[in-house]
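**Student:** To start, I am sharing the structure in question, which I have written as structure tokens.
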Number of protein chains: 2
Amino acid sequence: MYNRVALIGLGLIASSMFWAIKRGGLAGEVTGYARSQATRDTARRIGLCDTVCDSAAEAVAGADLVILCVPVGVMGDVAAEIGPHLASGATVSDVGSVKRAVIDAVAPHLPDTVHFVPGHPLAGTEHSGPESGFAELFDNRWTLLVPVEGSDADAVARLRGLWEGMGAYVDEMEPDHHDLVLAVTSHAPHLIAYTMVGVADDLRRVTDSEVIKYSAAGFRDFTRIAASDPTMWRDVFLNNKDATLEILGRFTEELFALQRAIRRGDGDHLHAYFTRTRAIRRGIIEAGQDTDAPDFGRGGKR
Amino acid sequence: MYNRVALIGLGLIASSMFWAIKRGGLAGEVTGYARSQATRDTARRIGLCDTVCDSAAEAVAGADLVILCVPVGVMGDVAAEIGPHLASGATVSDVGSVKRAVIDAVAPHLPDTVHFVPGHPLAGTEHSGPESGFAELFDNRWTLLVPVEGSDADAVARLRGLWEGMGAYVDEMEPDHHDLVLAVTSHAPHLIAYTMVGVADDLRRVTDSEVIKYSAAGFRDFTRIAASDPTMWRDVFLNNKDATLEILGRFTEELFALQRAIRRGDGDHLHAYFTRTRAIRRGIIEAGQDTDAPDFGRGGKR
């Protein structure tokens, strides 16, 4: 589908893309670059990318698809670095969790001769780094493409084909709406999980050892979320500030209402609320985004 | 280990206990009772319990161990019902997620001739009902025994043996401390997850369908938690009010500090916080309460 794909940044997403591209035979060649020498060494050792280059410029030379797989906060710097070296007619995309800020940071550095088609695969684990990837990461998950004004329709269609080849479902979305949807489904939940895990650690009357031993239900799911890459998430919050803060504002408003129901002993309010949230879970299972199997992670094994 | 065990209430925990008792050959006979005729019919159909009785009194007659597996809010009523029918020397226990309130509700109804040893298995799934149980639910999970003043040491040891036979690790804990630990590790996280799922549903600019389709990371873990049994959780919050409200107070304080860091663009604060929470996750994995495998529930499959 592409002659040469360049992956800039070699973490969980890029390494999974490489294995998925290989699985599907979707590109003639894949080059890769990571800023850290240690990451490049690891990539070479485990056969991640056909060629690991020592500069981003070298990696993108002659590529007809370049995908920026770096934290949102450095997308602009990387774009500035590769801009002059991009092949005419190439497509540039990214995998950042925030789209408006990435577009604003990247677009000014790209020559008019390339097609910019931002993207965001809604897939991940709490692991990071070049050794954390696997070919199945995107299977049956959504990838959102967020074409900018004037994005070439053929370039969008070709990139969609690549993602579908890697196993993903693909939708297109407008950047600001993307950032709001993700604030709800991902960014606010992550901040909340981080917060709760921090509170547990702070509480002196309950030891860390007790928290760890007895975290059977609820809390363990939070710790998994809160173990995600700190740099990536710092950048997400700083770059999707408005939508995240809006959702958190609604969240605390709602939380206060439930706290008030607890304080007053209003069991009917609580029961009605919990019944409603259960229905949303059923919707997710019916939409095929999760399985109905009991969660053995909470029950005993995963 | 016991001649006759009576399970009062036949939901997820009781049905898992039955299968675990059978797996281990831990009791001569297990009787069961559920208030609802439909539940009793289902239990008979699937072979849940050696005998399903049509009254709690009948189920506990001659039992040397009676375990109350009903929502925390009805423990007192059930204790009042069975009190006069308990065999002399029997042990009475429970599986409620709150201990102080259960002790206060149940103890007054028990004759002096029985041993009361409250308990709480830290295991569960988001499923409920008589068909949701499985023998492995307690394997390598903690069960907390919360002996009351004057609990007979032999009765406690025997009950500990039963839980260990069902695959659990067992610790003893004082009731108020139990309720605080659980407020941190389970009750507050559940309320937070319920709240976030409710907020998503309320937000009119993002459709339920979008929330459901694009809930790749974070949110899906919340929906699983928020799908737990509404009656059980209503009773938990109403009966562990003080500890839950205390933890929620600390949580919102901490959340406001992180919101402020986002608003001000204080990336160092965020990065340091997220790095600290990641370490807690490592502690949980090292303590053997979860596995280090990538969470395929978020990444593609479970």
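**Student:** Between helix A:37-46 and chain A, what is the angle of the helix's C-alpha long axis to the longest principal axis, kept within 0 to 90° and rounded to the nearest 10?
**Tutor:** 80
**Student:** Further question: Between beta-carbons, use under 14 Å as the cut-off and find the net charge around A:Ala261, counting Lys and Arg +1, Asp and Glu -1.
**Tutor:** Residues close to A:Ala261 contribute a combined charge of +1.
**Student:** Let me ask something else about it. Quantify how strongly other chains surround peptide B:259-269 by giving the mean number of their Cβ atoms within 10 Å of each of its Cβ atoms. Walk me through the numbers before you get to the answer.
**Tutor:** Working: counts 10, 1, 3, 12, 5, 2, 4, 2, 6, 1, 1.
The per-residue average across the peptide is 4.
**Student:** What is the spread of the Cα atoms of the stretch A:177-299 along each of their three principal axes, largest first, in whole Å?
**Tutor:** Ordered largest first, the stretch A:177-299 gives principal extents of 39, 35, 34 Å.
**Student:** So which of A:Lys213/B:Lys213; A:Lys241/B:Lys241; A:Lys213/B:Lys99 end up more than 24 Å apart by C-alpha?
**Tutor:** Pairs exceeding 24 Å: A:Lys213/B:Lys213; A:Lys241/B:Lys241.
**Student:** Let me ask something else. Test of the criteria: in the stretch A:177-240, which chymotrypsin sites (Phe, Trp or Tyr not before Pro) are in a DSSP loop and have at most 16 other Cβ atoms within 10 angstrom of their Cβ?
**Tutor:** none
**Student:** How tilted is helix B:12-24 with respect to the longest principal axis of chain B? Cα atoms for both, answer in degrees (0 to 90, nearest 10).
**Tutor:** In chain B, helix B:12-24 runs at an angle near 60 degrees to the longest axis.
**Student:** Nm distances between the label at A:Ala257 and the same-position labels in the remaining copies, 7 Å along Cα→Cβ, shortest first?
**Tutor:** 2.9
**Student:** If you draw the axis that swings chain A onto chain B, which residue of A has its Cβ closest to it, and how far is that in whole Å?
**Tutor:** Looking at chain A's Cβ atoms against the axis toward B, the nearest is A:Asp221, 2.
**Student:** Taking amide H positions as placed 1.01 Å from N in the peptide plane, with prolines and chain starts having none, which residues 5 or more places from A:Glu29, or on another chain, fall under 5 Å of its amide H?
**Tutor:** Answer set, sorted by chain and number: A:Arg4, A:Val5.
**Student:** Reported to two decimal places, what Rg/Rh ratio describes the stretch B:2-173 when computed on Cα atoms with Rh from the Kirkwood expression? Spell out each step's value before the answer.
**Tutor:** Details: Rg = 14.2 Å, Rh = 15.5 Å.
That ratio is 0.92, to two decimals.
**Student:** Counting only DSSP beta bridges with both residues in the stretch A:2-173, tell me the antiparallel percent, nearest 5.
**Tutor:** In the stretch A:2-173, DSSP labels about 10 percent of beta bridges as antiparallel.
**Student:** Follow-up question, since we're still on this one. Put +1 on the Cβ of each Lys and Arg and -1 on the Cβ of each Asp and Glu in the stretch A:1-95; which of A:Leu65, A:His85, A:Leu12 then has its Cα farthest toward the positive end of the dipole?
**Tutor:** Most positive-ward Cα: A:Leu12.
**Student:** Any idea what the relative contact order of the stretch B:177-299 is, in percent, if you count C-alpha pairs under 8 Å spaced at least 6 apart?
**Tutor:** Answer for the stretch B:177-299 is 31 percent.
**Student:** Which of the listed residues, B:Ile262, B:Ile284, B:Tyr194, is farthest toward the dipole's positive end in the stretch B:177-299, when Lys, Arg count +1 and Asp, Glu count -1 at the beta-carbon?
**Tutor:** Of the candidates, B:Ile262 comes out farthest on the positive side.
**Student:** Further, regarding this structure: Go through the stretch A:124-141 residue by residue and turn each phi into a ³J(HN,Hα) via Karplus (6.51, -1.76, 1.60, θ = phi - 60°); whole Hz please, and just put x for glycine and proline.
**Tutor:** In residue order, the calculated couplings are x, 9, 7, 8, 9, x, x, 8, 8, x, 7, 4, 8, 3, 8, 4, 6, 9 Hz.
**Student:** Per DSSP H run of at least 4 residues, take -39500 (n - 2.57); add these up for the protein assembly as shown, divide by its residues and hand me the 222 nm value, nearest 500 deg cm²/dmol. Could you put the intermediate results ahead of the total?
**Tutor:** Values: 28 runs with 300 residues, N = 604.
About -15000 deg cm²/dmol.
**Student:** For A:Gly150, go 7 angstrom from Cα along the Cα-to-Cβ vector, then report the distances to that same point in the other copies in nm, smallest first.
**Tutor:** 8.5
**Student:** Using Cβ contacts closer than 10 Å as the measure, can you line up A:Met166, B:Met1, B:Met75 from fewest to most?
**Tutor:** Placing the least packed residue first, the sequence is B:Met1, A:Met166, B:Met75.
**Student:** Is there a quick way to get the dipole size of chain B? I mean about its Cα centre, with the Cβ of Lys and Arg at +1 and of Asp and Glu at -1; what is the value in debye to the nearest 20?
**Tutor:** In total the dipole reaches around 1260 debye.
**Student:** In addition: To the nearest 10 degrees, how steeply does helix B:188-202 sit against the main Cα axis of chain B, on a 0 to 90 scale?
**Tutor:** 60
**Student:** Still on this structure: Leaving out same-chain residues fewer than 8 places away, which aspartates and glutamates sit with a Cα under 12 Å from that of A:Lys22?
**Tutor:** List returned: A:Asp50, A:Glu136.
**Student:** Run through the other copies and list how far each one's label point is from that of B:Asp171, in nm with one decimal, shortest first; the point sits 7 Å from Cα along Cα-Cβ.
**Tutor:** Inter-copy label distances (nm, one decimal, shortest first): 4.2.
**Student:** If you put +1 on each Lys and Arg Cβ and -1 on each Asp and Glu Cβ, how big is the dipole of the protein assembly as shown around its Cα centre, in Debye rounded to 20?
**Tutor:** Details: 60 positive and 82 negative charges, 75 e Å.
I would put it at about 360 debye.
**Student:** Under the Kirkwood approximation applied to all pairs of distinct alpha-carbon atoms, what is the hydrodynamic radius of the stretch A:1-59 in Å?
**Tutor:** Computed over Cα pairs of the stretch A:1-59, the Kirkwood hydrodynamic radius comes out at 11.1 Å.
**Student:** May I pose another question? Please give the net charge around B:Gly89, taking every other residue with its beta carbon less than 15 angstrom from that of B:Gly89, where Lys and Arg add +1 and Asp and Glu add -1.
**Tutor:** Computed value for this residue: -2.
**Student:** Shifting gears a bit: Count, for each residue of B:247-256, the Cβ atoms from other chains sitting within 10 Å of its Cβ, then give me the mean as a whole number. Present the calculation step by step, with values, prior to reporting the outcome.
**Tutor:** Values: counts 5, 7, 2, 7, 8, 7, 3, 6, 11, 3.
Per-residue shielding by partner chains comes out at 6.
**Student:** Starting from the Kirkwood radius over alpha-carbon pairs of the stretch A:25-68, derive D by Stokes-Einstein at 20 °C in a medium of 1.002 mPa s and give it in µm² s⁻¹. Numbers along the way, then the final one.
**Tutor:** Numbers: Rh = 10.8 Å.
Taking Rh from Cα pairs, D becomes 199 µm²/s.
**Student:** Okay, next question. Report, to two decimal places, the Cα Rg of the stretch A:138-246 normalised by 2.2 N^0.38 Å (N = number of residues). Show your work: numbers first, answer last.
**Tutor:** Numbers: Rg = 18.4 Å, N = 109, 2.2 N^0.38 = 13.1 Å.
Working it through for the stretch A:138-246, the quotient is 1.41.
**Student:** Let me know the whole percent of all Cα-Cα pairs from the protein assembly as shown that are separated by more than 33 Å.
**Tutor:** Roughly 47 percent, once rounded to a whole number.
**Student:** Next up: State to the nearest 20 debye the size of the charge dipole of the stretch A:177-299 about its Cα centre, where the only charges are +1 on K and R beta carbons and -1 on D and E beta carbons.
**Tutor:** It works out to roughly 420 debye.
**Student:** On to the next question. With a cut-off of 8 Å between alpha carbons and a minimum separation of six or more residues, what is the relative contact order of the stretch B:154-241 in percent?
**Tutor:** This gives 30 percent for the stretch B:154-241.
**Student:** Express in % the proportion of alpha carbon pairs of the stretch A:89-130 at distances exceeding 14 Å.
**Tutor:** 54
**Student:** Additional query: How big is the C-alpha Rg of the stretch B:137-180 next to the rule-of-thumb value 2.2 N^0.38 Å, as a ratio?
**Tutor:** This ratio for the stretch B:137-180 stands at 1.17.
**Student:** Projected area of chain A, taken from the Cα convex hull and averaged over every viewing direction, in nm²?
**Tutor:** In nm², the orientation-averaged hull projection of chain A is 17.4.
**Student:** Which residue, A:Leu26, A:Val170, A:Val156, has the largest displacement toward the positive end of the dipole of the protein assembly as shown when charges sit on each Cβ (Lys, Arg +1; Asp, Glu -1)?
**Tutor:** Value computed over the given set: A:Leu26.
**Student:** When only C-alpha pairs under 8 Å and at least 6 residues apart count, what is the relative contact order of chain B, in percent? Kindly include the intermediate steps, with their values, before the conclusion.
**Tutor:** On the way: 483 pairs, mean separation 49.1, N = 302.
Relative contact order, chain B: 16 percent.
We did not get these values from a lab; they are worked out from the coordinates using the rules stated. As the structure is a computational prediction, the values presented were derived from the model and not from experiment. All Cβ positions, glycine included, derive from the backbone under ideal geometry; neighbour counts span all protein chains shown.
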